[in-house]
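To start, the structure itself, in structure tokens.
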Amino acid sequence: MGLIVQKFGGSSVANTERIFNVAHIVTETYQRGNNVVVVVSAQGDTTDDLIDKAAEINKSPSKREMDVLLSTGEQISIALLAMAIEKLGFPVVSLTGWQAGFLTDSNHGNSRIRSINSERLQKELDKRNIVIVAGFQGLNRYDDITTLGRGGSDTSAVAIAAELKADLCQIYTDVDGIYSADPRLVKTAQKMDEISYDEMLELATLGAQVLHNRSVEMAKKYNVNLEVLSSLERKPGTKVKEVVNVEKLLVRGVAKDRDVARIAVIGVPDQPGIAFKIFSLLAQRKVNVDIILQSIGRNNTKDISFTVAKGQEEQALTAINEIKDSIKAQEIVVDEHVCKVSIVGAGMQSNPGVAAKMFEALFEAGVNIQMISTSEIKISVLIHEDDDIKALNAVHDAFTFN
Ligand code: ADP
Ligand code: ASP
Ligand code: MG
């Protein structure tokens with residue numbers, strides 16, 4: 001007998017039929033003698049609908065009240081799933097994030113889990129109850145409700161699996177595993193049997209929303225046995241683990257992220273200290289900067305461009321405007337119509353041709369590259385957002401994935 005954590009995303013619990021489908025998966029696992037903790041997300045588009053509803057009332061509500069609102073979606077799901085499991089005749093109890101002991105920091109809307117007090121969870125498991133936990137939510141140390149960021153239920157599930165030392169953490173979703181690119185956007189995408197924590201962490205961070213990036217980070221840290229699979233088809237999914245046996249591929253996957261904005265600081269003097277002034281101020285204001293590009297000085301001036309997550313461009317702009325005169329910038333330009341396309345693969349470190357191949361594919365597809373950034377296991381380019389699907393497909397099809 002083991003302990004299995006199963007997480008079901010929004011589409012897997014979207015309606016009554018789907019809820020009973022989940023109830024059957026869960027109770028079958030339980031009947032095989034396992035203890036089962038289930039983590040669920042809000043049904044279907046509930047979270048998006050709640051965000052829209054809030055905007056009808058107040059365009060800039062406090063983050064605290066947003067979390068009070070958004071956490072309700074998951075609370076509906078846990079009760080409905082528990083009722084379905086009751087109906088099938090199994091012992092079950094639903095718990096909110098706080099009842100399940102999730103303590104987080106106070107960064108409303110994007111909180112990190114600090115700890116889980118698993119006493120209650122353990123007590124319910126000892127009674128041989130199936131335990132249904134609301135994902136995506138917790139309490140901070142002031143007992144205020146917090147949420148973990150979009151897609152955060154994955155992280156709730158992995159955190160419970162780590163805390164309870166579960167034998168397996170299964171993330172059930174609407175695709176049957178992790179692919180070399182989003183299978184809804186790239187028809188030639190290949191399903192993987194397994195992927196390493198490091199490669200999956202990069203892919204998730206670079207926009208592959210199939211797993212919340214913090215869930216992968218945590219799975220790696222606590223060595224959680226993680227699997228992504230379909231809630232609608234009974235077949236093996238993709239395992240995420242420390243070492244992957246298969247032959248090292250040059251490129252493991254391709255991802256895109258439209259959640260970026262580019263800011264260009266134009267015509268600053270070509271002298272030391274300017275980049276320092278800009279980026280130390282941005283750091284002070286907690287603006288996360290991603291790709292940075294500085295042009296070679298011409299006529300004694302240079303341009304500095306960088307990207308931030310969408311939603312942070314206002315903050316960045318305000319900060320730079322404050323020092324605009326002191327750094328003698330001629331102009332500050334913001335472009336929100338950009339997209340980042342990235343390739344990830346541990347095998348690219350020792351292969352100099354990979355970047356050229358990616359750029360060639362983009363050239364042949366007629367996609368202009370605005371910025372480039374590379375690290376040992378990834379290459380990212382910034383392009384116009386209208387080119388996103390074209391670029392994703394072109395880059396994907398330039399490499400082989402099996
Ligand atoms: P859930 O509601 O179950 O959490 P998400 O929508 O968050 O589901 O994540 C699943 C979706 O992730 C898929 O429907 C797919 O479109 C998308 N996706 C993006 N990149 C990938 C990838 N590399 N492999 C599989 N799915 C991906
Ligand atoms: N319901 C939340 C969201 O839509 C959390 C999740 O689905 O993981 O982002
Ligand atoms: Mg998700």
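Okay, here's what the table says:
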| read-out | value |
| --- | --- |
| Residues that are in a loop (DSSP other than H, G, I, E, B) and either more than 14 Å from ligand 1 (Cβ to nearest atom) or over 18 Å from the mean Cα position of the chain (by Cα) (or both), drawn from segment 124-141 | Lys127, Arg128, Asn129, Asn140, Arg141 |
| Residues that are out of contact with any Asp or Glu (no Cβ under 9 Å at 6 or more places or on another chain) and not hydrophobic (A, V, I, L, M, F, W, C), drawn from segment 64-90 | Glu65, Ser71, Thr72, Glu74, Gln75, Ser77, Glu86, Lys87, Gly89 |
| Long-range neighbours under 8 Å by Cβ, at least six apart or interchain, first residue within 27 Å of Thr173 (Cβ to Cβ) and away from ligand 1 (no atom under 14 Å from the Cβ) within segment 41-64, second among the polar types (S, T, N, Q) and assigned to a helix (DSSP H, G or I) | Leu50/Thr72 |
| Hits in segment 1-48 (condition: away from ligand 3 (no atom under 16 Å from the Cβ) and of a type in the set (Asp, Glu)) | Glu17, Glu28 |
| Given (1) under 26 Å from Ser231 (Cβ atoms); (2) within 16 Å of ligand 2 (Cβ to nearest atom); (3) surrounded by 18 or more Cβ atoms within 10 Å (Cβ to Cβ), index of the condition Asp49 fails | (3) |
| Those strands (runs of 3 or more DSSP E) lying entirely in segment 203-322 with at least 1 residues within 16 Å of ligand 3 (Cβ to nearest atom) and aliphatic (A, V, I, L, M) | 226-230, 238-241, 253-257 |
| Ala159 vs. criteria at pLDDT 95 or above, closer than 19 Å to Glu217 by Cβ and out of contact with any Asp or Glu (no Cβ under 9 Å at 6 or more places or on another chain) | yes |
| Options Asp176, Asp167, Asp144; residue that is of a type outside the set (S, T, N, Q), more than 13 Å from ligand 2 (Cβ to nearest atom) and under 22 Å from the mean Cα position of the chain (by Cα) | Asp176 |
| Given (1) of a type in the set (Gly, Ala, Ser); (2) assigned to a loop (DSSP other than H, G, I, E, B); (3) within 14 Å of ligand 3 (Cβ to nearest atom), number of the condition Ala181 does not satisfy | (3) |
| Some residue of segment 356-374 being in a helix (DSSP H, G or I), touching a residue at least 40 places away in the same chain (Cβ under 8 Å) and not acidic (Asp, Glu) | yes |
| Exclusive hit being buried (at least 20 other Cβ atoms within 10 Å of the Cβ), more than 7 Å from ligand 1 (Cβ to nearest atom) and under 26 Å from Lys340 (Cα atoms), set Ala159, Ala204 | Ala204 |
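The values are calculated or read from the model by the stated rules, or taken from the named source; none is laboratory data. Just so we're clear, the structure is a prediction, and the values are computed from it rather than from any experiment. Here Cβ is always computed from backbone atoms with ideal geometry, including for glycine, and neighbour counts include all displayed protein chains.
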